[in-house]
Amino acid sequence: ESNEWAKRAIAEGEAAPDLETVASGHEFLAENMTVQGTWKGAAEHALQDIALGRQIGSQGRVAWGHFPWAVSSFHMGDSVAALTRFAECVALCERTGDRRLQSLMLSHASLIVLETRDESRALEMIDQAAALADAVTHVHMRAEASKARGVYHLRRVEHALALACFDRCPVLMGASQSQVNPLLTSMEAAEASLASGNLDRARLHLDAGGA
């Protein structure tokens, strides 16, 4: 439904013309496709959003466009480009004062850094993300930072610590985000449960995530 709204926004914005409306349509499509795992489409719409943001003169829009662009770059196999785009976004956040997005970007970027086995840098980024999330009291960003910390412990084969972090995510998100909760950490929590020998718990996490 939101994809259809976004497509209508693009069409109506182009007809008006209203660049802000067009950009909003591309923003929604980029973020939705990121959640859906449609990486190429996410990157294409993110680039449109960034280009329009620059045309409008909105650094905030340019910064938010970097999120789906960076995530899709990583999942399409270009970790170097993804980290560059994350860094560009963090710099924009520092200029605009958007601590919410900065926290989100640091949480996600830390997962890429973990893939390079630079654990100390990844942990530093996670700590920064958590501190920023606490500063703006944003529950979703707190949950993202807790998930990133869980992945950090999982990669270090610290399964009990990893599960504690994953279990904290739905508590942070609260009942209002109940549909999002299982999807945020289900696969990672299942992996940690399986590795620690708890098959029943692993099945529960997989079922919760719809796997």
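The values are calculated or read from the model by the stated rules, or taken from the named source; none is laboratory data. This one's a predicted model, so the numbers in the text were calculated from it and none came from an experiment. Note: ideal-geometry Cβ built from the backbone for every residue, glycine included; neighbour counts use all protein chains shown. With ligands, DNA and RNA removed, areas are computed over all heavy atoms of the protein, side chains included. Shrake-Rupley method; radii C 1.70, N 1.55, O 1.52, S 1.80 Å.
Run down 143, 135, 122, 109 and say which single residue is of a type in the set (A, V, I, L, M, F, W, C), in contact with a Cys (Cβ under 7 Å, 6 or more places away or on another chain) and either in contact (Cβ under 8 Å) with a residue 24 or more places away in the chain or closer than 23 Å to residue 73 by Cα (or both). Break it down into steps so the answer makes sense when it comes.
Working: 135 fails: in contact with a Cys (Cβ under 7 Å, 6 or more places away or on another chain); 122 fails: in contact with a Cys (Cβ under 7 Å, 6 or more places away or on another chain); 109 fails: in contact with a Cys (Cβ under 7 Å, 6 or more places away or on another chain).
The conditions single out 143.
Quick one: which residue in 67, 86 is of a type in the set (A, V, I, L, M, F, W, C) and within 17 Å of residue 27 (Cβ to Cβ)? Steps first, answer last, please.
Details: 86 fails: within 17 Å of residue 27 (Cβ to Cβ).
The match here is 67.
Within the stretch 51-63, residues that are closer than 14 Å to residue 96 by Cα reach partners that are of a type in the set (S, T, N, Q) and modelled with pLDDT under 95 with beta carbons closer than 7 Å, at six or more positions or on different chains, in the pairs 59/96; 60/96; 63/96.
Evaluation of residue 95 against the conditions (1) closer than 26 Å to residue 38 by Cα; (2) at pLDDT below 95; (3) assigned to a helix (DSSP H, G or I) shows that the sole unmet condition is (1). Inside the stretch 25-39, can you point out the residues that are of a type in the set (Val, Ile, Thr) and within 11 Å of residue 71 (Cβ to Cβ)? Within the stretch 25-39, 34, 35 qualify.
Here residue 157 passes the criteria (1) modelled with pLDDT of 90 or more; (2) open to solvent by 60 Å² or more (accessible area, probe 1.4 Å); (3) β-branched (Val, Ile, Thr); (4) within 20 Å of residue 105 (Cα to Cα) except the one numbered (4).
What do you reckon, is residue 65 crowded, with 21+ Cβ neighbours inside 10 Å and either out of contact with any Gly (no Cβ under 7 Å at 6 or more places or on another chain) or in a helix (DSSP H, G or I) (or both)?
Answer is yes for this residue.
Applying a threshold of 8 Å to beta carbon distances and a minimum spacing of six or more residues, or different chains, the list of pairs starting in the stretch 153-167 at a residue that is within 23 Å of residue 141 (Cβ to Cβ) and ending at one that is modelled with pLDDT under 90 and part of a loop (DSSP other than H, G, I, E, B) reads 163/196.
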